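Below are the structure tokens for one structure; questions will follow.
The values are calculated or read from the model by the stated rules, or taken from the named source; none is laboratory data. A quick note: this is a predicted structure, and the numbers were derived from the prediction, not measured. Counting neighbours? That spans all protein chains shown, and the Cβs are built from the backbone with ideal geometry, glycine included.
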Amino acid sequence: MIKAVQLVPYRTLSDDYDLTEHLKAKFARLRSERHPLYLTLEEFDEILNWKLCGQYGRQKERRKVNTENVIRTVTGAALSITHPDEDYEIELRLGILCCLRGVGVPVASAILALVFPERYAVIDFRGWRQIFEEERTTFSISDYKRYLREIKRLAAELGWAVQEVDLAIWAYDRAKGGESI
């Protein structure tokens with residue numbers, strides 16, 4: 001399992017650090033301006049491009065059914081819902097976002113991580129490999145909650161936002177020669 005001290009040099013070294021910071025700032029601005037908060041089709045697509053990189057085209061046809069109205073409604077519900085039980089809130093938010101065609105837990109987690117970087121991280125095979133020392137390519141909501149607990153533990157130890165820890169782990173895995181699955 002990766003240790004917090006190993007992440008320190010990787011805090012800003014991911015290939016897409018600047019783009020990530022730009023997107024986080026954009027969504028922070030939208031959080032303060034747009035009530036209730038929702039994503040437009042264009043904003044949703046920006047997140048998909050950021051998360052999926054070279055795999056963006058993989059489910060493009062499947063995602064086409066997600067109209068502007070559907071995306072606004074679904075993301076509005078997911079981003080607005082709150083609950084005193086944090087685990088239940090995570091389940092609700094991820095479950096609602098996964099109703100969109102072509103969106104699974106990893107993409108849903110990317111939406112949450114960019115909109116609420118202080119609370120959420122992106123789950124993917126690189127982070128999972130470094131946290132749990134096992135290979136995995138599919139993730140359930142339960143897996144996400146388990147992963148997020150570990151990311152939050154590291155974030156608390158480092159004094160970083162949750163999303164920053166996630167991005168540093170991603171950069172660490174790449175730098176250490178972590179192969180794509």
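Does ASP16 fit the bill of being acidic (Asp, Glu), at pLDDT 95 or above and closer than 18 Å to SER109 by Cβ? Quick ask: steps written out before the conclusion?
Values: acidic (Asp, Glu): yes; at pLDDT 95 or above: no; closer than 18 Å to SER109 by Cβ: yes.
No.
Any residue at all in segment 129-137 that's more than 18 Å from GLN6 (Cα to Cα), under 13 Å from the mean Cα position of the chain (by Cα) and among the hydroxyl-bearing types (Ser, Thr, Tyr)?
No, the conditions are met nowhere in segment 129-137.
For TYR147, are the conditions met, namely being crowded, with 23+ Cβ neighbours inside 10 Å, part of a loop (DSSP other than H, G, I, E, B) and among the hydroxyl-bearing types (Ser, Thr, Tyr)?
So TYR147 does not fit the description; no.
From the residues in segment 6-43 that are of a type in the set (Val, Ile, Thr) and surrounded by 13 or more Cβ atoms within 10 Å (Cβ to Cβ), which one is nearest to ALA171 (Cα to Cα)? Even if it seems obvious, please write down each step before you answer.
Looking only at segment 6-43, we keep the residues that are of a type in the set (Val, Ile, Thr), and these are 8, 12, 20, 40.
Checking which are surrounded by 13 or more Cβ atoms within 10 Å (Cβ to Cβ) leaves us with 12, 20, 40.
On the way: THR12: 8, THR20: 13, THR40: 29 Å.
My answer is THR12.
Here is a further query. Do we find that THR75 is polar (S, T, N, Q), outside any helix (DSSP H, G or I) and at pLDDT 95 or above in this structure? Working first, answer last.
Working: polar (S, T, N, Q): yes; outside any helix (DSSP H, G or I): no; at pLDDT 95 or above: yes.
It is false that THR75 is polar (S, T, N, Q), outside any helix (DSSP H, G or I) and at pLDDT 95 or above.
Still on this structure: It is to be established whether one or more residues within segment 159-169 are of a type in the set (Gly, Ala, Ser), surrounded by 21 or more Cβ atoms within 10 Å (Cβ to Cβ) and modelled with pLDDT of 95 or more.
The initial filter retains those residues of segment 159-169 that are of a type in the set (Gly, Ala, Ser), namely 159, 161, 168.
If we keep only those that are surrounded by 21 or more Cβ atoms within 10 Å (Cβ to Cβ) as well, we get 168.
Going one step further and asking which of them are modelled with pLDDT of 95 or more, we end up with 168.
Yes: segment 159-169 contains one or more residues that are of a type in the set (Gly, Ala, Ser), surrounded by 21 or more Cβ atoms within 10 Å (Cβ to Cβ) and modelled with pLDDT of 95 or more.
Okay, next question. When only residues in segment 46-58 that are farther than 17 Å from VAL105 by Cβ and within 14 Å of the chain's Cα centre (by Cα) count, which is modelled with the lowest pLDDT?
Among them, the one singled out is CYS53.
Table: residues versus (1) free of Cβ contacts under 8 Å to residues at least 60 places away in the same chain; (2) among the hydrophobic types (A, V, I, L, M, F, W, C); (3) in contact with a Phe, Trp or Tyr (Cβ under 8 Å, 6 or more places away or on another chain).
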{"residue": "ALA108", "(1), (2), (3)": "yes, yes, no"}
{"residue": "SER140", "(1), (2), (3)": "yes, no, no"}
{"residue": "TYR147", "(1), (2), (3)": "yes, no, yes"}
{"residue": "GLN163", "(1), (2), (3)": "no, no, yes"}
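So in segment 150-181, with the set limited to residues that are among the aliphatic types (A, V, I, L, M) and in a loop (DSSP other than H, G, I, E, B), which one is nearest to ARG93 (Cα to Cα)? Explain how you work it out, then say what you get.
If we filter segment 150-181 for residues that are among the aliphatic types (A, V, I, L, M), which is where we start, we get 151, 154-156, 158, 161-162, 165, 167-169, 171, 175, 181.
Those still in the list that are in a loop (DSSP other than H, G, I, E, B) too: 161, 181.
Values: ALA161: 19, ILE181: 27 Å.
Out of the qualifying residues, it is ALA161.
Could you check, for segment 59-71, whether at least one of its residues is surrounded by 17 or more Cβ atoms within 10 Å (Cβ to Cβ), modelled with pLDDT of 95 or more and not in a loop (DSSP other than H, G, I, E, B)? Break it down stepwise before answering.
Filtering segment 59-71 for residues surrounded by 17 or more Cβ atoms within 10 Å (Cβ to Cβ) gives 63, 66, 71.
Then drop every residue that is not modelled with pLDDT of 95 or more, which leaves 71.
After this cut, where a residue has to be not in a loop (DSSP other than H, G, I, E, B) as well, the list is 71.
The answer is yes; a qualifying residue exists.
Could you check LEU154 against (1) over 11 Å from LEU7 (Cα atoms); (2) over 13 Å from the mean Cα position of the chain (by Cα); (3) buried (at least 21 other Cβ atoms within 10 Å of the Cβ) and say which number it fails?
Exception for LEU154: condition (1).
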